[in-house]
Structures are given as C-alpha cells and as structure tokens.
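The values are calculated or read from the model by the stated rules, or taken from the named source; none is laboratory data. None of these values were measured; they are calculated from a predicted model. Cβ sites come from the backbone with ideal geometry, for glycine too, and all protein chains shown count toward neighbours.
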Amino acid sequence: MELKTSSVDISNIADLKSSTQSERRRLLIRRFFSNKSIVIGSGVLIVLLLFTLIGPIITPHSPLEMENANRLQPPSAEHWFGTDNFGRDLFSRVANGAQVSLTVGLSVAVVTAVIGLIIGLYSSYYSILDHILMRICDALMAFPDILLAVAIMAVLGPQPMNVVIAVSLAKIPVVARVVRSSSLVIKEQTYIEALRSQGASAYRIIWKHILPNILSPLVVQVTYVFAIAIILEASLSFLGAGIPAPDPSWGNILLDGKIVIFNASWMTIFPGVFIILAVLGLNLFGDGLRDLLDPHSNKSLK
C-alpha cells in the first residue's frame, strides 16, 4: 500500500513538473509576441538573413564582373539596384557584401563574448587579476573605437580576419566590464559564500554558479556589439582600411559611391539602407531581449 501511494505521488509530481514547464513555455511565447521591439527586430533580421542567403543565388550577375559599357546604369529590370562605376551589378555586390559584413559582425560578437566573458568572470573573482585586466581594458577604452581599429589595421593590413581582430579588440573591454559588474553582484550572494565555505573550487563557483546568472546581460550586450561591429567594419572599409577591393562589402561599396554620389545616388542609397536595417534590427532585437530577460522590467511582465 505504501509503495502504491509512493508511486502515485511520484507520478503526480512528474505531471505537475511537466505542466509547469509547459506553462512557462506558453508564458515565454506570449511575452515574446507581445514585445513589439523584439518582434519587429526579429522580422527585420529574418528578412535581412533571407536576402543574404538567397540574393547571391537569384542574381544572374557576378559581383566582380566588370562591363564598361554598362557603367553607372540606374536600377532597371536587368540590374535591380543599377550598376557601379565599373559596370558591376550593384544588387549582386550588395547581396555578397551582406555576407561579408554580417559574417564579420557575427565573428566579432562571438569573439568578444567568449574573451570578454572569461576576462570579466576571472576579474570579478580574483582581485589581483582585476587590477591588471581592468587597467588594460581602461587603456583600450581610452581610445575611440574607430581610431583604435584603424591603428590596428594599419599594423596588420587590410584583410577580413584582421578586421575581426581589430574590431574585437576595440569591443572586448566593453563586454568584459559588463560581465565583471554583473559577476561582482552574484559573487556577494549568500549561497556563493556558502559554497566557498564548503570547499567548492573556484572553477565550480565561477562556471557552475556565477556564469548562469550573468548570461542575460551578456547576451543583450552581444547583440549591441554585433550592430556596432557592422558599423565599424563599414567605416573601416569606407576609409580603405577594411575589406580590400574588389571583394564587396557595404563599406567599400559606399566608398565607390562617394565619388559619383550626385550622378549615381543609388550606389550609396542601397548599401546605406541595408546598413541601417541591420543596425536597426539588431538594436530593436537587443532592446526587446533585454525586456524579455529582465524579471524586474514592467514590459517583461505584460
């Protein structure tokens, strides 16, 4: 009789846990679709991703093929975005440039998230590392992002991988400081002190207990870094220090269009619009994600 009662209780607990998880999923989905920022941002990013993946496939023109007879042609049925000052199809170049710009932005976001997370976590836990690493971060943050990135590119040379390195070095201190400030709050919690008194290792405390509690601000910050990285990559390419020609990126397409901006405005309008859409979508997504993940936000409770 006792075994039967026990088995029934376990079954009830399992059912209750399953129903609770289902209710949480429904609540999360409802909160997601009730948040206008994250819905609009997600929609813009999905459209941009589809354009990036499908655009280079559906266009019949090569982004590098030059046709001098078709120089500076306005948008038409054959060339949807017109042609540039070398007769290259602008739609093809913008679509392929989207792949380059978004890949650089995503790479920077991943690199800064990983390295900034490690620096921030260990700086918050070890005071000696805190003094050393934070002073290095302060030194890097003393320079404007674009100036630091240009200086690094001048040393490394204009290559896509070097763009990722330069922009990452400019943004790692920002992510590291966000992680450190969030980790310092968690470190002072009572349960962390209890774990330390029970002999838990620093590795376990940092990666098993502090890390899960600072993922929300980290994820939100990384979305902003993604957007800023796209702007910095375009700025570097526009200055001639980023993606080298003739490979297309939104920045060097704008550089080519600067010379003929009054005669062929489409060369600056189309890449400029896509840069705006990418940054706008990421910022809206980041704002919505912050409201969704922050339990103290009024928007997250609607």
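What to note about this one:
- Residue match in the range 282-296 (condition: more than 30 Å from S34 (Cβ to Cβ) and either outside any helix (DSSP H, G or I) or touching a Lys or Arg at 6+ places or on another chain (Cβ under 8 Å) (or both)): no
- Of all residues in the range 58-110, those that are farther than 22 Å from I276 by Cβ and assigned to a helix (DSSP H, G or I) total 5.
- Pairs with Cβ under 7 Å, 6+ apart, first in the range 21-47 and closer than 16 Å to G288 by Cβ and free of Cβ contacts under 8 Å to residues at least 12 places away in the same chain, second among the β-branched types (V, I, T) and surrounded by 12 or more Cβ atoms within 10 Å (Cβ to Cβ): F33/V39
- All of I243, I228, I253, I275 fail the test of being of a type in the set (V, I, T), at pLDDT below 90 and either closer than 19 Å to G105 by Cβ or in contact with an Asp or Glu (Cβ under 6 Å, 6 or more places away or on another chain) (or both), apart from I243.
- Residue within the range 202-211 that is over 21 Å from the mean Cα position of the chain (by Cα), of a type in the set (S, T, Y), part of a helix (DSSP H, G or I) and more than 22 Å from T103 (Cα to Cα) present: yes
- A Cβ distance below 6 Å, combined with a sequence gap of six or more or placement on separate chains, defines the contacts here; from the range 55-72, residues that are without any contact (Cβ under 8 Å) to a residue 40 or more places away in the chain reach residues that are assigned to a loop (DSSP other than H, G, I, E, B) and of a type in the set (D, E, K, R) in the pairs M66/R88.
- Residue within the range 146-155 that is more than 22 Å from the chain's Cα centre (by Cα) and among the small types (G, A, S) present: yes
- Looking at S216, S235, S183, just one residue is assigned to a helix (DSSP H, G or I), modelled with pLDDT under 90, surrounded by 13 or more Cβ atoms within 10 Å (Cβ to Cβ) and of a type in the set (S, T, N, Q), and that residue is S216.
- Unique residue being touching an Asp or Glu at 6+ places or on another chain (Cβ under 6 Å) and in contact (Cβ under 8 Å) with a residue 24 or more places away in the chain when the list is A149, A170: A170
- Residue within the range 123-146 that is without any contact (Cβ under 8 Å) to a residue 24 or more places away in the chain, within 23 Å of F226 (Cβ to Cβ) and assigned to a helix (DSSP H, G or I) present: no
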